[in-house]
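Written below as structure tokens is the structure these notes are about.
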Amino acid sequence: MERLHFANKKPVESESQIQQDLIFKNLEIVCEITGPEYLWCMSVTKAIENIEASSVDQIASHLNQLVADSYGLLGQLHLAHWNVEGTDFLPLHQMFQDQYEELFVAIDDIAERVRALGKYAEGGLQKLATMSKVNEGPSASAASAKDFVSSVLLAHEVVIEQAVAGRKIAAEAGDAESEDLLIGRVRIHQKAVWFLNSYLK
Ligand SMILES: [Fe+2]
């Protein structure tokens, strides 16, 4: 549940009056008057309120894992972008960049979906590194272009697996919005796998 804090400058007349004032926000509001100037309101959108609490926990936990795995992939993409060499340098350097730029924006969307579900988003490099299931790629100096492409490809596969697991749970729980987000993520990572596989042939 999202906790909203309102500073109330007028004397509080009644809880129902407060609910009337906030109805335009289309939120389910539960207010507790805690003093003459402040009150705490708990709110959650009605759509999320209809999802089982245990399912919301599960979906949020899958989304947080997806953030961690996506950060793992982001690290591999940067490593490859910075260090790839050879005759294919320019297209690979650019492709890795296109992928990490898209991913950076997507990670924000995934984490913010966790918050929209009323849960907290995991963050911090150390925490995410501990959680991530993505393996570290080749060493920066000794890798061929194919090594970098392969390691990035494997990282995409880890992310796809996580997104598919989350998508199924969201679908079963009737959380169409999380499901939609995850369908989009799977589609984008599958396209990246196609690009990378085509290079390796
Ligand atoms: Fe760059």
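The values are calculated or read from the model by the stated rules, or taken from the named source; none is laboratory data. The model shown is predicted, which means the values in this text are computed figures rather than measured ones. Heads up, the Cβs are rebuilt from the backbone with ideal geometry, glycines too, and the neighbour counts pull from every protein chain shown.
With the structure loaded, tell me whether residue 168 is at pLDDT 95 or above and farther than 18 Å from residue 109 by Cβ or whether it fails that test. Spelling it out, residue 168 is indeed at pLDDT 95 or above and farther than 18 Å from residue 109 by Cβ. Being within 16 Å of the ligand (Cβ to nearest atom) and either outside any loop (DSSP other than H, G, I, E, B) or closer than 24 Å to residue 171 by Cα (or both) is a description that does not apply to residue 62.
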